[in-house]
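A quick write-up on the structure given underneath.
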Amino acid sequence: MKNRSSFKPVFWVANSIEVLERFAYYGIYMGFGIYLQQLGYSRGDLGIIQSIFLALSYLIPLFSGTFADKYGFKKVLIISYLAYLPAILLLIVTKSFSGIALTMLSIGFAAGIFKPLISGTVRVVTDKTNKTLGFGIFYAMVNVGASFGPIIMGKLRAMSWDYVFYTAAAAIAVMFVITLIFYKEPPRENQDVTLKQKFRDMGDALSDVKFLVFIILLGVFFWLPFWAFFNVLAVYIDVHLDTAALYEGVRSVLGTGITGIISHNEAGVWKINAEAISHTGYIIIVFQVLISRIFEKRSAIPSFLFGIFMAAVGFVILGFSATMANGLVFLGVFLFAIGEMISSPRIQEYIMWIAPKEKAGLYMGASFLATFIGATLSGIYTGIMGSFEEAGTPENIMYVLAIHSIVGIIAIWIFTKTAGEFKELDA
């Protein structure tokens, strides 16, 4: 067996940049609903901004990846920072709805430029001997940044939201310096591929009606409730759960020191920061390897659907947390995270099951549209939550998302039975 190659310095530089970017991105995104509420905006307003923000985050990578291949990763990284930094700082001064919407659009645009560049770097600087470990490290770094961002920003927003935006901007500035000094341009694989060619390839893949239907189903029934979870949960916890009681419950288990990291003192009362407990990154860091090993020998499609079912159970438990026992919120988030860890790794296998072997690459390239569809539509549920809140039943948003997920399981199961014979997939 060939010895595993050591990682090049640019691999570690790229992963350091990824941690900082996810720190800034999720630090703003996870608490943004609380921020808009404090400014007096409605859930409908929040949903519009979330949809715009997420849509740009998942549409722009199509273009930025191609430009990076053509003009160089380092140049495009710097362009993303030049879009990121002023947009974040503008959040300090702009308070109008149109101003905030345009600013978040700009941040989504910058994040979209950035998104494929680090994974692209990891891809080209690893080989067959270290690629699996390399991407494992990369995904771990994604979750480290996504976990610490909301924790740190939750502490800072208790003092001033300006500190949140200054800190996010500082993270981008550090990324700029690291990139400028330490990031060495990696080899590029697809310098001759043009946007026209990319669109032609995408059109070729989407001309397969079976694949197109799958992409729509995946977007509507997996990615839409997935992003709706992150869109609504922090606000749901902050407004409808007793965060002081949650603090006491966590403190009784973890102690004052650790609990204080994810809490703030408000008029002499300690309260849990909702954004610090409404994400799944820290759960994924701890449990992903175990979950992957449990399901690695199981068929992709049944595993994928079981993951959606676990997420649906998580939604139900989150609904109960507002009406029965607030502490159930931790179980609800954990079950959703289990569903995410089961389903997400199997999506690509699922796509490979749909794709003709000779076009697998084209189909994988077009599959981002599913994420884009779900992300773009997800803000609708934020507005729906507002309607439930006005009716005095905020927990219903969680039950509706659970029903949505169960309908998705049925729809995708029917699709797999009618689109062709089910095929076992190796892990």
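The values are calculated or read from the model by the stated rules, or taken from the named source; none is laboratory data. For clarity, every value in this text was computed on a predicted model and none was experimentally measured. Counting neighbours? That spans all protein chains shown, and the Cβs are built from the backbone with ideal geometry, glycine included. We work out accessible area using only protein heavy atoms, side chains counted, and drop any ligands, DNA or RNA first. Shrake-Rupley method; radii C 1.70, N 1.55, O 1.52, S 1.80 Å.
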- Note on the structure: Normalised per residue, the volume inside the convex hull of the alpha-carbon atoms of region 359-416 in Å³ amounts to 75 Å³
- Note on the structure: With DSSP loop assignment and no more than 16 other C-beta atoms within 10 Å, the trypsin sites (Lys or Arg not before Pro) in region 1-65 are Lys2, Arg4
- Highest mean packing first, using Cβ neighbours within 10 angstrom, the peptides 260-267, 311-318 sort as 311-318, 260-267
- Query: If you roll a 1.4 Å probe over region 41-164 with all protein chains in place, what percent of the accessible area is carbon or sulfur?
  - Reply: 74 percent
- Task: For region 214-357, give the percent of accessible area contributed by carbon and sulfur heavy atoms, probe 1.4 Å, rounded to a whole number.
- Result: 68 percent
- Packing-based ranking, highest mean first, of 237-248, 110-121, 130-141, 194-205 given that Cβ atoms within 10 Å are counted: 110-121, 237-248, 130-141, 194-205
- Message: I'd like to check one number: the per residue accessible area of the chain, probe 1.4 Å, reported in Å² as a whole number.
- Response: 42 Å²
- Item | Per-residue HN-Hα couplings for region 264-269 [Karplus 6.51, -1.76, 1.60; θ = phi - 60°; Hz; x = Gly/Pro] | 9, 9, 10, 6, x, 10
- Note on the structure: By the Cα gyration tensor axes a ≥ b ≥ c (a/c under 1.5 gives rounded; else a/b larger than b/c gives prolate, otherwise oblate), the shape of region 267-332 is oblate
- Query: Between Rg and the Kirkwood Rh of the chain, both from Cα atoms, what is the Rg to Rh ratio?
  - Reply: 0.95
- Query: At Lys70 and Tyr163, where each label point lies 7 Å from the Cα along Cα→Cβ, what is the point-to-point distance in nanometres?
  - Reply: 4.5 nm
- Task: Work out, in µm²/s and without decimals, the Stokes-Einstein translational diffusion coefficient of region 162-278 at 10 °C, 1.306 mPa s, Rh from Kirkwood over C-alpha pairs.
- Result: 81 µm²/s
- Name the residue, out of Thr129, Thr280, Thr179, whose mean-square fluctuation peaks in a Gaussian network model built on the chain with Cα pairs under 10 Å. Thr129
